[in-house]
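What follows draws every value from the coordinates through simple rules; no lab data is involved. What you see is a predicted model, and the numbers here were worked out from it, not measured in a lab. Here the Cβ is made from the backbone with ideal geometry for all residues, glycine too, and neighbour counts use every protein chain on show.
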Amino acid sequence: MKKYQMVLGFQWSRLLQGLAFLFLVFVYCTGSAEARSCRVDLIPNGEVNRCSNCHVNPRGGGRRNSFGRDVEDALNRGNCSEFWVAELAALDSDGDGRTNGEELLDPRGLWAEDDPQPGDESRVTHPGEEDDPPPPKPNPYVRGDSNSSGGVDLSDGVFTLSFLFRSERAPGCMAAADSNGDGALDISDAVFVFLYLFAGGSPPRNPFPECGISADVAEEDCEAAGACG
């Protein structure tokens, strides 16, 4: 009976040791995961690329990419201390010609954890991978504003006619001069403006009367348009 109690006590002790070991492993792994994931919130727009901002494996852990190595060099305090500073933003970790700050939409490195995320997240690129820049934003304009003055008046119709029939200066934004929005620039656009101004005709479609952009306008079709530029 005594021998049985000794064996049972030994097995119970081994079981407790095993449970303690598993608990320590769990705490360590959980702490490591939290330490890694917290860094996502310490760079501007970090949620876009998450762990792949710093790691080759998009799930995190393991080998770091070029940005991750620069981040590691910047971590001279705790794992979750703030490290996004102007010096890190000014680096071009992946060598693609754009700084980390430009890729994460905080060129000067002024963003802090509690600040709103800067810029339009659809224009975020990867600071640790050489990639293409986002396409240029289309320039804002006012439809019907052929001479790029910022508004629509008699001079816009005259400007369009002068371009069409007297070979004078072309509109800086063809989309703006296309006052009736049919995708072409011709005499009907000048007539459309005159009818709107003097005969109760329909107004130009958006963007009008304020400056705006249109998704169907290519960058090369619309230069910076005067008052909207």
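Structural remarks
- Model label points for residue 165 and residue 194, set 7 angstrom from Cα along the Cα-to-Cβ axis, are 0.8 nm apart.
- Estimated vicinal HN-Hα couplings, Hz - region 198-203 in sequence order (Karplus 6.51, -1.76, 1.60; Gly, Pro = x): 10, 10, x, x, 5, x
- Cβ-Cβ distance of residue 81 and residue 213, R₀ of 45 Å, FRET efficiency by 1/(1 + (r/R0)^6): the value works out to about 0.65.
- Charge context of residue 189, other residues only, Cβ under 13 angstrom, K/R +1, D/E -1: -3
- Sorted by Cβ density within 10 Å, fewest first, the residues 192, 67: 192, 67
- For the pair residue 113 and residue 186 in one chain, pulling the backbone fully straight at 0.36 nm per residue adds 21.0 nm over the alpha carbon distance.
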